[in-house]
Amino acid sequence: MSNPIKPSINLFDAIGLGLIIKYPTGVLITNQTAGTLCLQSAEEGIYVPLCNEYYTDSKELISPENDLLKYFTESKYHGTGATEGIDKEDVLNITNILIKYKLDDFIEIDTEKLKQSHEAWIYVKINNKNTSVFNNFEENLTGILTWSNSD
């Protein structure tokens, strides 16, 4: 018996920060990640854009994505994608970006999955009791923060 190919949604051209809620939907959410390594990361779940504001007049995107791209391209990684995983210094810097955009009240980096996390693919815990965005889900959701890869 062969495994059927699951339907998928590719985020390669998506703009801004998004959250993939790991959930049994039968649909894979995929994105190109890990900087110049260009991994094709995938997870079954629900994709939710987060905290992205576009101003038509100035053609400006205000998003945590901008800060995350800057961090992974200008810091110690220089666009190489943090392919060996992220560390406590990265957790602090990414958490500060979440705080800046007021996302820290319901999103926390999953420190048990630091080695699996890399640029544009950060494993998180979701405290859905602290937000009105997600309703009628079980508690203790997990997910992945994802954004445009820097390659």
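Can you tell me the dipole magnitude for segment 101-147 around its Cα centre, using point charges on the Cβ only (Lys, Arg +1; Asp, Glu -1), in Debye to the nearest 20? List each step's numbers first, then the result.
Numbers: 5 positive and 8 negative charges, 12 e Å.
Dipole magnitude for segment 101-147 comes out near 60 debye.
Taking amide H atoms as placed 1.01 Å from N in the peptide plane, list the residues 5 or more away in sequence, or in a different chain, whose amide H sits under 5 Å from that of GLY81.
Correct list: THR36.
Count charges around LYS88 for me, please; just the other residues with Cβ under 15 Å from its Cβ, Lys/Arg as +1, Asp/Glu as -1. Don't skip to the end; give the middle numbers.
Values: positive: LYS76, LYS113, LYS115; negative: GLU84, ASP87, GLU89, ASP90, GLU108, ASP110, GLU112.
Neighbour charge sum, excluding LYS88 itself: -4.
Output wanted: per-residue J couplings in Hz (rounded whole) for segment 69-84, from phi through Karplus 6.51 cos²θ - 1.76 cosθ + 1.60, θ = phi - 60°, x for Gly and Pro.
4, 4, 4, 7, 9, 10, 7, 4, 8, 6, x, 7, x, 6, 5, 8
Would you mind estimating how fast segment 47-117 diffuses translationally, via Stokes-Einstein at 4 °C and 1.567 mPa s with the Kirkwood radius over Cα pairs, in µm²/s? Please report the intermediate quantities before stating the final value.
Working: Rh = 13.4 Å.
The estimated diffusion coefficient comes to 97 µm²/s.
Can you run phi through the Karplus equation (6.51, -1.76, 1.60; θ = phi - 60°) for segment 111-121 and list ³J(HN,Hα) in whole Hz, with x for Gly and Pro?
6, 7, 10, 5, 5, 8, 7, 7, 3, 6, 7
Restricting to Cα pairs below 8 Å that are 6+ residues apart, what does the relative contact order work out to for segment 9-151? Please round to a whole percent. Could the numbers behind the result be given before it?
Values: 296 pairs, mean separation 42.3, N = 143.
Computed over segment 9-151, the figure is 30 percent.
Under 26 Å between alpha carbons, and skipping anything fewer than 8 positions from LYS125 in its own chain: which lysines qualify?
LYS6, LYS22, LYS70, LYS76, LYS88, LYS100, LYS102, LYS113, LYS115
Residues with beta-carbon under 11 Å from that of SER150, excluding SER150: net charge, scoring Lys, Arg +1 and Asp, Glu -1? Don't skip to the end; give the middle numbers.
Working: positive: LYS70; negative: GLU65, GLU74, GLU119, ASP151.
So the environment of SER150 carries a net charge of -3.
Taking the Cα centre of the chain as origin and charging only Cβ (+1 Lys, Arg; -1 Asp, Glu), how large is the dipole, in debye to the nearest 20? Write out the running numbers ahead of the final one.
Details: 12 positive and 22 negative charges, 43 e Å.
Once rounded to the nearest 20, the dipole reads 200 debye.
Using amide H atoms built in the peptide plane, which far-off residues or other-chain residues are under 5 Å from THR25 H to H?
GLY45
Please give the per residue accessible area of the chain, computed with a probe of 1.4 Å over protein heavy atoms only, in Å². Display every interim value, and only then the final one.
On the way: 8560 Å² over 151 residues.
Ligands and nucleic acids excluded, the figure is 57 Å² per residue.
Excluding GLU65 itself, what net charge comes from residues whose Cβ is under 12 Å from its Cβ, given Lys and Arg +1 and Asp and Glu -1?
Values: positive: LYS70; negative: GLU53, ASP67, GLU119.
Its environment carries a net charge of -2.
Of LEU114, ASN136, THR95, which is farthest towards the positive pole of the chain's charge dipole, taken about the Cα centre with +1 and -1 on the beta-carbons of Lys, Arg and Asp, Glu respectively?
So the residue we want is ASN136.
The values are calculated or read from the model by the stated rules, or taken from the named source; none is laboratory data. All values reported here derive from a predicted model rather than from experimental measurement. Neighbour counts are summed over all protein chains in view; Cβ atoms, including those assigned to glycine, are modelled from backbone coordinates with ideal geometry. Surface areas here come from the heavy atoms of the whole protein model, side chains and all, with no ligands, DNA or RNA. Shrake-Rupley method; radii C 1.70, N 1.55, O 1.52, S 1.80 Å.
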